[in-house]
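Note sheet for the following structure.
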Amino acid sequence: MDILSITGIVVSLCAILLGTVMDGGEVSSLINFPALIIVLGGTLGATLLQFPAEIFIKSIKMLAWIFMPNKLDLKAQITKIMKWSILARKEGLLGLENEMPREKDAFSKKGLQLLVDGNEPEVIRDTMELELNSRESSDLLAARLFEAMGGYAPTIGILGAVMGLIHVMQNLTNPELLGQGIATAFVATIYGVGSANLIFLPVANKLKTHIFIASQARELMVEGIICIAEGENPRNIELKLSGYMHENNK
């Protein structure tokens with residue numbers, strides 16, 4: 001569970017509500033369902049128009065990473081690669097065949113398969129990096145969906161504000177209806193700017209961070225597999241891969 005994500009949401013909402021109350025306003029003044037429908041509905045519609053269905057579905061699934069990100073233990077990965085390296089030096093690359101059923105990660109298992117099949121290091125690198133880059137591009141495209149929503153929401157909020165002002169102008173002779181139109185106008189702007197800067201854009205950037213970390217872990221695996229294919233000393237492999245640990249801890 002990512003406590004910082006939950007804390008961030010709670011702190012931002014509490015800050016807005018507390019500021020409203022301290023300024024003499026009422027929390028109920030920020031609740032306006034017509035404005036909410038305009039902003040969220042318009043933003044969702046524009047996003048659906050921009051992205052294909054498979055990207056939209058993937059983006060929704062990736063939302064779970066905000067609160068429950070994948071745990072990547074780079075130290076455990078290095079230890080596993082060291083084990084494979086020692087086994088390969090003792091029994092040859094074919095000795096790694098028994099490790100494949102135990103490997104749960106599909107990307108790592110593919111690397112092992114390429115090793116066991118006796119492919120050249122450059123072939124292994126090209127094959128694994130192709131999948132790594134393809135997966136990273138797909139994940140980044142899904143994260144950009146929330147970035148796009150962060151761009152649309154403020155504009156849709158302004159659209160809601162204009163619609164509210166039109167409603168006001170149409171009811172200038174009915175003072176009792178003016179308040180609702182003015183409220184929709186200003187609250188729609190708050191919803192648009194607030195949702196973009198407090199939800200959509202932070203979500204997009206956090207997903208990008210998790211994608212980068214996952215790509216780093218896969219790069220570590222690629223380098224480890226290549227080192228084994230080239231027959232490097234296990235100790236040298238450990239020293240080389242330890243650089244990913246330092247980079248991850250910056």
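With +1 on each Lys and Arg Cβ and -1 on each Asp and Glu Cβ, and nothing else charged, work out how big the dipole of the chain is about its Cα centre, in Debye to the nearest 20.
That gives a dipole near 380 debye.
Viscosity 1.567 mPa s, temperature 4 °C: what is the translational diffusion coefficient of the range 34-152 from Stokes-Einstein with a Kirkwood Rh over Cα pairs, rounded to a whole number of µm²/s?
Rounded, D is 74 µm²/s.
Could you work out the local net charge near Ala64, counting Lys and Arg as +1, Asp and Glu as -1, over the other residues with Cβ closer than 15 Å to its Cβ?
With Lys, Arg at +1 and Asp, Glu at -1, the neighbours total +2.
Which three extents, in whole angstrom, do the alpha-carbon atoms of the range 88-213 cover along their principal axes, largest first?
Principal-axis extents of the Cα atoms in the range 88-213, largest first: 90, 24, 16 Å.
I'd like the projected area of the chain, averaged over all directions, using the convex hull of its alpha carbons. Report it in nm² with one decimal.
16.9 nm²
Computed from the coordinates by the stated procedures, all read-outs in this text should not be read as laboratory data. Quick caveat, the model's predicted, so the values are computed rather than measured. Neighbour counts run over all protein chains shown; Cβ positions are idealised from the backbone, glycine included.
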